[in-house]
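To start, the structure under review is shown below, and the notes come after it.
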Amino acid sequence: MDYDFHKIQDKWQKYWDDNKTFAASDDFSKKKFYALVEFPYPSGQGLHVGHPRSYTALDIVARKRRLEGYNVLYPMGWDAFGLPAENYAIANHIHPRIITEKNIANFKRQLKSIGFSFDWDREVNTTDENYYKWTQWIFLKLFEKGLAYKQEMPINWCTSCKVGLANEEVVGGKCERCGGEVVQKRKSQWMLRITEYAQRLIDDLKDLDFIEKVKVSQVNWIGRSEGAEVDFVLAGTDRKITVYTTRPDTLFGATYMVLSPEHPLIDELSDKITNLDAVREYQTQAAKKSEFERTEMAKDKTGVVLHGIKAVNPVNGTEIPIWISDYVLMTYGTGAIMAVPAHDERDWDFAKKFGLPIIEVVAGAEKDVNEEAYTNVSSGVMVNSGFLTGLKVKDAIAKMIDYLEEKGIGKRKVNFKLRDWVFSRQRYWGEPIPLVWCEKCGWVPIPESELPLTLPEVEDFTPGDEGESPLSKATDWINTTCPHCGGPAKRETDTMPQWAGSSWYFLRYIDPHNNDALASEEKLNYWLPVDWYNGGMEHTTLHLLYSRFWHKFLYDIGVVKTPEPYAKRTSHGMILGENNEKMSKSRGNVVNPDDVVDQFGADTFRTYEMFIGAFDQSTPWSENGVRGCHKFMERVWNLQDMIIDDEGYRADFENAMHKTIKKVTDDIERMKFNTAIAAMMSLVNDLYKAGGVTRGELKTLLILLNPTAPHMTEEMWQNLGFGGYVHEAKWPEYDEDKTRDDEIEIVIQINGKIRGKLSVPAGLDRDALSKLALESEEGKAAVGDKNVVKVIAVPDKLVNIVVK
RNA sequence: GCUCGAGUGGCGGAACUGGCAGACGCCCGGGACUUAAAAUCCCGUGUCCCUUAAAGACGUACCGGUUCGAUUCCGGUCUCGAGCACCA
């Protein structure tokens with residue numbers, strides 16, 4: 001029989017579609033399994049071969065769970081707001097919706113051609129107004145609870161396009177589109193207080209089954225640090241400057257202070273500063289620098305000292321100078337630091353450049369502190385530090401904080417690197433922010449009954465000259481009345497970032513057509529949490545963190561009952577081009593999934609995607625590898641014509657069958673898809689060597705292979721008349737005893753080198769094994785006339801004879 | 001600079017808690033079938049020594065250590081990849 005994969009996959013894809021084979025049921029009595037993959041941005045390039053790596057992996061898990069009797073939810077949708085569609089709209093004067101719809105249709109066709117078992121009735125689209133109605137609803141709740149607020153923030157501004165840019169549009173300090181200069185411009189932006197959740201976002205990771213590197217990067221990104229805030233008094237006044245430090249132990253070594261150039265104190269004290277011109281000049285220069293320049297110039301410290309004022313070191317009364325420098329960031333801590341050049345590299349660089357004193361307060365360094373800063377916390381001992389002298393650093397930190405709190409000049413303080421989420425975009429293609437500005441009432445939310453607040457139709461998608469959102473041109477839409485006082489009001493013209501819609505989409509899949517709530521309570525309680533979520537490492541610190549934050553918020557207001565959205569998170573590696581470089585048009589190494597499916601079929605494509613290499617590692621594409629998998633498909637297909645007359649497992653295949661079931665079962669759970677497939681290949685090789693297969697053996701093989709190659713296994717199941725459909729079969733079980741061999745070949749080593757092999761019954765204990773080995777021909781030959789010093793026997797593995 | 005990951009045949013990769021390194025696939029070589037080729041099936045395939053085989057030696061980035069035994073554990077070095085990057 002010919003393996004006509006086109007015919008086979010068309011037939012079964014149609015069957016699954018028509019019969020809604022993979023629809024999740026809302027029968028709450030069943031045990032559930034919620035498998036989730038990151039929904040794609042439907043780009044104009046279509047599906048990349050990287051997408052199906054993740055989708056096939058969880059498709060295999062989902063299909064296996066169904067065979068194990070679970071009620072499985074495995075959904076798909078579209079993260080469809082975003083920049084490329086908007087840029088395309090600007091360039092071609094076409095509404096972004098049109099291009100988005102076209103791209104979605106293409107993506108959907110491609111996904112269907114690969115045979116994923118998605119429940120297409122639950123498809124969601126973030127740009128659908130019935131979807132973003134609930135994105136807006138969540139925003140209103142955040143606003144209501146004080147977690148959304150407006151603040152002036154610097155944005156990336158292209159001086160040539162006159163448009164605000166996302167960070168990913170700034171390449172090497174230039175505008176990605178026109179190459180123009182990018183500077184920082186201050187704009188009033190909506191912000192979300194994710195920092196309120198910082199501690200919980202760290203703490204709750206503990207109980208989650210996330211791969212370790214995801215946990216580590218989230219913790220690092222949130223960047224918790226413990227230290228103290230300390231007040232320094234301005235000499236001759238009672239005005240204080242508060243600094244944040246993680247090393248209060250080094251306070252005796254603080255020889256100067258540094259304020260960020262944006263620090264408000266500079267304005268306050270302007271009448272006291274005698275070199276105000278130089279200070280103003282430095283502030284202007286710093287403001288002009290882009291984020292890029294500020295970090296690029298990192299090594300070369302700059303700064304200006306404030307003449308006319310001094311600060312007093314609170315522990316020793318020394319008057320120290322105050323500087324401003326852009327190495328101190330206004331956005332972290334208090335925007336001011338105490339500088340301890342002996343024990344901080346940055347302060348050391350700065351002190352060296354400007355000739356400031358360096359005082360050692362922690363001893364134990366290999367080099368003199370005038371040569372290099374000594375920053376080791378674990379092994380130093382305090383010197384030149386008054387009441388701290390002689391203490392270890394750790395103890396000195398504790399004692400200093402106690403002292404500061406006692407004297408009322410400082411306190412213990414925890415800081416986070418994580419900053420609040422800039423939630424505004426001056427863009428058209430995003431969810432409108434459902435607030436209006438009223439001169440009398442301030443920012444007022446629109447009533448829930450008016451949701452969704454839909455995007456107005458506009459002619460022109462280009463931003464305004466000052467970087468306003470394109471929505472600012474929709475004057476009819478903007479001018480409205482205040483829901484609170486009824487007076488005239490204007491709508492917010494900023495839209496939400498792409499991260500908004502993806503922060504809660506997994507909830508909408510649970511009940512996608514609900515018009516009264518984002519999802520019904522009952523269904524949320526049944527399906528949550530997501531049991532297994534797979535996605536890229538690039539989403540670890542943004543999407544994954546944002547969605548955990550929103551979920552925790554929804555938990556706090558009682559919408560969901562689980563404090564965390566995802567029980568388990570795994571991550572796939574990248575698929576590279578054949579030349580081991582990242583796939584890209586310019587490198588000419590892009591593989592189009594359509595071509596592979598067309599030439600070799602969906603089953604081969606899926607199998608190869610899983611066989612390509614270790615799932616979590618990046619690995620190059622290989623067309624020869626695809627051919628190898630295709631050959632495997634054909635070899636399995638041809639087993640239909642090799643049936644030998646026997647129903648169950650043949651005696652000499654019993655062991656192999658049970659071993660294969662165990663291997664495939666375990667390996668799928670561990671995401672070792674490549675070795676699961678290798679095990680099935682080995683079994684097939686053995687069947688060929690044996691000259692045929694029994695119906696019982698083939699039946700088991702078809703079920704094991706079904707999650708990976710669903711089309712072919714359905715067809716064969718039907719051809720062979722096994723009854724019903726393979727997707728309704730029961731996942732095979734193995735008997736642990738039958739996976740073991742009766743006879744085992746053990747290795748005989750002399751002094752750790754292999755000198756022979758011996759076949760022995762399985763399960764022999766150490767003594768019996770040693771005896772057998774020493775008495776065996778192989779053993780005697782190996783020992784020869786040397787003295788046996790020691791014998792190490794490992795049951796079922798080896799005997800190592802140590803001789804002299 | 002910091003954090004994380006990785007380095008194994010010609011190539012992609014196996015090796016669960018230290019126990020036969022190289023499963024499985026690709027490439028390559030040989031054979032069967034065929035008028036022939038393709039496809040298919042079977043066999044071989046880490047390196048060195050060698051006509052071949054046996055036997056032996058070497059071999060998991062590099063140097064050292066622990067151990068009867070190390071791809072696996074420990075210390076150090078190098079290379080590559082990803083992310084973060086003046087966070088006081």
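Put the Cα centre of region A:491-565 next to the Cα centre of region A:22-89 and the gap is 15 Å. In the context of the full set of protein chains, region A:331-391 has a per residue accessible area of 49 Å² (1.4 Å probe). Placing pseudo-labels 7 Å out from each Cα toward the beta carbon at residue A:631 and residue A:206 gives an inter-label distance of 5.3 nm. For region A:717-804, the Kirkwood estimate of the hydrodynamic radius, built from every pair of different alpha carbons, is 15.5 Å. Leaving out ligands, DNA and RNA, what percent of the accessible area of region A:240-350 is carbon and sulfur, probe 1.4 Å? Carbon and sulfur: 52 percent of the exposed surface of region A:240-350. Averaged over its residues, region A:26-125 has an accessible area of 32 Å² per residue, based on protein heavy atoms and a 1.4 Å probe. Only Cα pairs under 8 Å and 6+ residues apart enter the sum, and on that basis the relative contact order of region A:716-804 stands at 28 percent. For chain A, DSSP calls about 75 percent of its internal beta bridges antiparallel. In the assembled protein chains, residue A:165 presents an accessible area of approximately 20 Å² (probe radius 1.4 Å). Using modelled backbone amide H atoms (1.01 Å from N, in-plane), which distant-in-sequence or interchain residues come within less than 5 Å of residue A:643's amide H? When sequence neighbours closer than 5 places are left aside, the close amide H contacts are A:693. Kirkwood radius and radius of gyration were both taken over the C-alpha atoms of chain A, and their ratio Rg/Rh is 1.06. Amide H to amide H, with H built 1.01 Å from N, residue A:489 comes under 5 Å of A:480, A:481, A:482, counting only residues 5 or more places away or on other chains. Considering only protein heavy atoms and a probe of 1.4 Å, how much of the accessible area of region A:1-77 is carbon and sulfur, as a whole percent? For region A:1-77, the apolar C and S fraction of the accessible surface comes to 48 percent. Between residue A:331 and residue A:513, the modelled labels are 4.5 nm apart [label points 7 Å from Cα along Cα→Cβ]. A probe of 1.4 angstrom, applied to the heavy atoms of all protein chains, finds residue A:368 with accessible area near 90 square angstrom. Fully extending the segment from residue A:319 to residue A:300, taken as 0.36 nm per residue of separation minus the present Cα-Cα distance, adds 4.2 nm. Ordered from highest to lowest accessible area with the whole protein assembly present and a 1.4 Å probe, A:438, A:485 read as A:485, A:438.
Simple spin-label estimate for residue A:745 and residue A:475 gives 8.8 nm between the two label positions (7 Å along the Cα-to-Cβ direction from each Cα). Between residue A:11 and residue A:490, what is the FRET efficiency for a Förster distance of 60 Å, r being their Cβ-Cβ separation, to the nearest 0.05? Using R0 = 60 Å, I get an efficiency of 0.55. Per residue, the accessible area of region A:205-318 comes to 48 Å² when a 1.4 Å probe rolls over the protein heavy atoms. Checking the Cα-Cα distances for A:64/A:699; A:133/A:174; A:30/A:215 against a 26 Å cut-off, the pairs over it are A:133/A:174; A:30/A:215. Counting only protein chain heavy atoms and rolling a 1.4 Å probe, the accessible areas of A:51, A:513, A:95 rank, largest first, as A:513, A:51, A:95. Over all distinct Cα-Cα pairs of region A:370-425, the Kirkwood formula returns a hydrodynamic radius of 14.2 Å. For residue A:578, the residues 5 or more places off, or on other chains, whose built amide H falls under 5 Å of its own are A:621.
Counting charges near residue A:764 (Lys, Arg +1; Asp, Glu -1) among other residues having Cβ under 10 Å from its Cβ returns a value of -1. Our coupling estimate for region A:640-648, obtained by passing each phi through the Karplus curve with A = 6.51, B = -1.76, C = 1.60 and θ = phi - 60°, is 4, 8, 10, 5, 10, 6, 5, 8, x Hz, Gly and Pro reported as x. Annotation: residue A:407 carries an accessible surface of approximately 120 Å², with a 1.4 Å probe and no ligand, DNA or RNA atoms counted.
Per-residue extension of 0.36 nm, minus the Cα-Cα distance of residue A:235 and residue A:68, leaves a gain of 52.6 nm for this segment.
3J(HN,Hα) along region A:253-262, derived from phi through the Karplus expression 6.51 cos²θ - 1.76 cosθ + 1.60 where θ = phi - 60°, amounts to x, 6, 10, 6, 10, 10, 9, 5, x, 8 Hz, with x in place of Gly and Pro. Each eigenvalue of the Cα gyration tensor of region A:648-768, multiplied by 5 and square-rooted, gives one semi-axis; in descending order these are 34, 16, 13 Å. Seen from all directions on average, region A:551-637 presents a Cα convex hull projection of 9.0 nm².
With a 1.4 Å probe rolled over the protein heavy atoms of all chains, the accessible area of A:27, A:616 falls in the order A:616, A:27, largest first. Using a cut-off of 14 Å between beta-carbons, work out the net charge of the residues near residue A:268 (Lys and Arg +1, Asp and Glu -1, residue A:268 not included). So the environment of residue A:268 carries a net charge of -1. The residues neighbouring residue A:26, those whose beta-carbon lies less than 14 Å from its own, together hold a net charge of 0 under the Lys/Arg +1, Asp/Glu -1 convention.
The values are calculated or read from the model by the stated rules, or taken from the named source; none is laboratory data. Please read all numbers here as calculations on a predicted model, not as lab measurements. Virtual Cβ from ideal backbone geometry, glycine too; neighbours counted across all protein chains shown. Ligands, DNA and RNA are stripped out before the accessible areas are found, and what is left, the full protein with its side chains, is counted by its heavy atoms. Shrake-Rupley method; radii C 1.70, N 1.55, O 1.52, S 1.80 Å.
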